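Chemist: Before anything else, here's the structure in question.
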There are 2 protein chains.
Amino acid sequence: MTDQMRCITLARRPDGAPVLEDFGHETRPMPQPAEGEVLVEVSHLSLDPYMRGRMSEGPSYAPSVELGEVMTGQGVGRVLASRVEGVAEGDIVTGMTGWASHALLKADALRKLDGDLPPSTALGVLGMPGLTAWAGLREYGRPKAGETLVVAAATGPVGSLVGQLAKAAGLRTVAVAGGAEKCKLATERFGFDAAVDHRAHPDAESLRAALAEAAPDGVDIYWENVGGKVLEAVLPLMNTHGRIPVCGTIAWYSGAEDTADRLPATWRSILVKRLQVAGFIIFDHWNLMPEFVAEMTPRVAAGEIAFLEDVTEGLENAPAAFLSLLEGGNTGKAVVKLTGEG
Amino acid sequence: MTDQMRCITLARRPDGAPVLEDFGHETRPMPQPAEGEVLVEVSHLSLDPYMRGRMSEGPSYAPSVELGEVMTGQGVGRVLASRVEGVAEGDIVTGMTGWASHALLKADALRKLDGDLPPSTALGVLGMPGLTAWAGLREYGRPKAGETLVVAAATGPVGSLVGQLAKAAGLRTVAVAGGAEKCKLATERFGFDAAVDHRAHPDAESLRAALAEAAPDGVDIYWENVGGKVLEAVLPLMNTHGRIPVCGTIAWYSGAEDTADRLPATWRSILVKRLQVAGFIIFDHWNLMPEFVAEMTPRVAAGEIAFLEDVTEGLENAPAAFLSLLEGGNTGKAVVKLTGEG
């Protein structure tokens, strides 16, 4: 065992798309585990889109990597030395090792792998991306047999599992991927019913036409990994009561092409702050009217609830009152009073 | 009783903001109720923002008004003639009368009013706007004591009830309204804790600063009635796990000012299609990992679940692999393989 470890650090903050010069390559003394820690020789390191966010300052859902600090990331590896009960030298573990050849992991921040599967699966299909697909589809996608799902970045670790889980649940699954090869992979390996190559469609309109053909009954779930052109293409194809789990917006991670456009910032807010934006139409809830009336009538009658009416006299004045309402010229519930005129 | 009725029709479709010439004024023969109908003399007609949508062609959540047809709308009035069991001449009823002095209502499309409150309340605080506030806040706002709510169009029939219900539930309530008079109304009559005048703030930044002062702990629920500048001002103030019931986007009903901007169309899609856009971060669901691993491991092991890894050899190649990932250059779960190097 060498007495040096190697690591990759954040050398400077990217200005737009990251470049190689933003990373530093360093050698550091091999760390020694304290009580309750293990020293791991990293065999596999996960690279994930979220890391782009950690390279920048400013609010995201996790702290930024500091300048000069080792890039954050999950790894798997073999325990070289253990001061944790129940973990022995030679065990394979996973944890946040960072981009480094060796790392110390604390007892409560490591997970022992003991299956027969390759350890790297703990970084992918059985790791964070897998959990993202599985939990996100269940919680936010809420798939129902017979529906149609569109997945962006469909051959990626998240998208490919989303597609397979949805297919198994009886949905029609449509992949969006970049290039003919990935499209083939989507249908042949991951079992998507159809795949659309976003590179073959330079603009959202053209991509939308291809998607409409692949999803003839519209889209019930759009699994959002990318933002940008794909989102623009899909949105008008969404069916009523559709769900959009916003899992990532990689197309915008390094800034939007069109900075006059507020959609990227909006979409990012929804993601970073886990907002649930739910459009709703009261006619869907009309069945609640009796309960509502029963509860509120006595409260209104008792004067507990204030209300205000902006009464316009005469049917003929309805158009002007309506225009005024659209301009915010009214104060209170706009009502046109008719009786007694005709 | 005259043998003529008067009505207001859609004379032409608006081009942008509606103008008076878009409406027609007509006199028609008085209709006679068939079996199962009543003839109503309309006393009060409701005007509501949704009517703007009905004036245009194209998909919305309800069909457009045809050219020459009576403008749609809810009214209340007195029954002049009844061929419905249980409804008598002189009864006060409400239903979709349209913009007209008289209307026929079918038995299953009318509601008898029998309280002591003024009948016009059935169009407002105890009607569609009231139900919208009450059901929408409960279902999509999910208020919790101690939280902060911001309401756009706060003195309107929906906003004023949202504010009162939220206040009663123990929230801090902040009104956004147009003009000093409406702001006074919001706090004095409707009991909001604070009110911000959007007319006093020509741009979103300035409005945001005022809102930040009124909502020092951030915003947990933004009740969206308007879109436009107010939405732009509020979004960055939202707290994590905030909720945005999208109830209307009146600022954009007649077209966005800046058509290069895709946000208005996005927001409108969310509303019209009742989309639930939920940003989510897998770290919030980390507790599901054991269940996930238990369920998926055998399926992966059995080969039921395909997965793909894009392995880069060597820690030093991590930055290039990451840049490639950001450009979509990878195929499968990006993994950097380290073991055996050092």
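Chemist: Specify which of the listed residues (A:ALA154, A:ALA168, A:ALA133) is aliphatic (A, V, I, L, M), closer than 30 Å to A:ASP193 by Cβ, buried (at least 24 other Cβ atoms within 10 Å of the Cβ) and out of contact with any Leu (no Cβ under 8 Å at 6 or more places or on another chain).
Modeler: Going through A:ALA154, A:ALA168, A:ALA133 in turn, just one is aliphatic (A, V, I, L, M), closer than 30 Å to A:ASP193 by Cβ, buried (at least 24 other Cβ atoms within 10 Å of the Cβ) and out of contact with any Leu (no Cβ under 8 Å at 6 or more places or on another chain): A:ALA154.
Chemist: Tell me which residues, restricted to region A:4-15, are part of a loop (DSSP other than H, G, I, E, B), within 11 Å of chain B (Cβ to nearest Cβ) and not hydrophobic (A, V, I, L, M, F, W, C).
Modeler: A:PRO14
Chemist: Which of the residues spanning region A:203-219 are in a helix (DSSP H, G or I) and either touching a residue at least 24 places away in the same chain (Cβ under 8 Å) or basic (Lys, Arg) (or both)?
Modeler: Of everything in region A:203-219, those that are in a helix (DSSP H, G or I) and either touching a residue at least 24 places away in the same chain (Cβ under 8 Å) or basic (Lys, Arg) (or both) turn out to be A:ALA204, A:GLU205, A:LEU207, A:ARG208, A:LEU211, A:ALA212, A:ALA214.
Chemist: Next question, about the same structure. Could you grab me the full set of residues in region B:265-304 that are within 7 Å of chain A (Cβ to nearest Cβ), in a helix (DSSP H, G or I), surrounded by 15 or more Cβ atoms within 10 Å (Cβ to Cβ) and of a type in the set (Gly, Ala, Ser)?
Modeler: B:SER269, the sole residue that qualifies.
Chemist: A:MET96: surrounded by fewer than 17 Cβ atoms within 10 Å (Cβ to Cβ), under 24 Å from A:PHE23 (Cα atoms) and more than 8 Å from chain B (Cβ to nearest Cβ), yes or no?
Modeler: When the stated conditions are applied, A:MET96 passes them.
Chemist: Another one. Would you mind telling me which numbered condition in (1) charged (D, E, K, R); (2) closer than 19 Å to A:ILE305 by Cα; (3) over 15 Å from the mean Cα position of the chain (by Cα) B:ARG138 fails?
Modeler: (3)
Chemist: Among B:LEU80, B:LEU105, B:LEU117, B:LEU113, which is the only one that is modelled with pLDDT of 95 or more, assigned by TED's automatic domain parsing to the domain that holds B:GLN32 and surrounded by fewer than 23 Cβ atoms within 10 Å (Cβ to Cβ)?
Modeler: Of the residues listed, the single one that is modelled with pLDDT of 95 or more, assigned by TED's automatic domain parsing to the domain that holds B:GLN32 and surrounded by fewer than 23 Cβ atoms within 10 Å (Cβ to Cβ) is B:LEU80.
Chemist: Filter region A:66-98 for residues that are in a loop (DSSP other than H, G, I, E, B) and farther than 23 Å from B:THR312 by Cα and give the result.
Modeler: Across region A:66-98, the qualifying residues are A:GLU66, A:LEU67, A:GLY68, A:ARG83, A:VAL84, A:GLU85, A:GLY86, A:VAL87, A:ALA88, A:GLU89, A:GLY90, A:ASP91.
Chemist: With the checklist (1) touching a residue at least 24 places away in the same chain (Cβ under 8 Å); (2) more than 8 Å from every other protein chain (Cβ to nearest Cβ) in hand, flag the one item A:ALA168 doesn't pass.
Modeler: (1)
Chemist: With the requirement that a residue be within 7 Å of chain B (Cβ to nearest Cβ) and either more than 26 Å from A:LYS229 (Cα to Cα) or in a loop (DSSP other than H, G, I, E, B) (or both), what does region A:136-162 give you?
Modeler: Within region A:136-162, just A:THR155 meets the criteria.
Yes/no per residue for (1) modelled with pLDDT under 80; (2) assigned by TED's automatic domain parsing to the domain that holds B:GLU147; (3) over 24 Å from A:CYS247 (Cβ atoms):
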| site | (1), (2), (3) |
| --- | --- |
| B:LEU207 | no, yes, yes |
| B:VAL226 | no, yes, yes |
| B:LYS229 | no, yes, yes |
| B:THR240 | no, yes, no |
| B:ARG243 | no, yes, no |
| B:VAL246 | no, yes, no |
| B:ALA256 | yes, yes, yes |
| B:THR266 | yes, yes, no |
| B:ALA302 | no, no, yes |
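Table: residues versus (1) outside any loop (DSSP other than H, G, I, E, B); (2) more than 10 Å from chain B (Cβ to nearest Cβ).
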site: A:GLU21; (1), (2): yes, no
site: A:HIS25; (1), (2): yes, no
site: A:PRO31; (1), (2): no, yes
site: A:ALA34; (1), (2): no, yes
site: A:LEU39; (1), (2): yes, yes
site: A:SER43; (1), (2): yes, no
site: A:GLY53; (1), (2): yes, yes
site: A:SER64; (1), (2): no, yes
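The values are calculated or read from the model by the stated rules, or taken from the named source; none is laboratory data. The structure presented is a predicted model; accordingly, all values stated were derived computationally and were not measured. In this analysis, Cβ positions are derived from the backbone assuming ideal geometry, glycine residues included, and neighbour counts consider all displayed protein chains.
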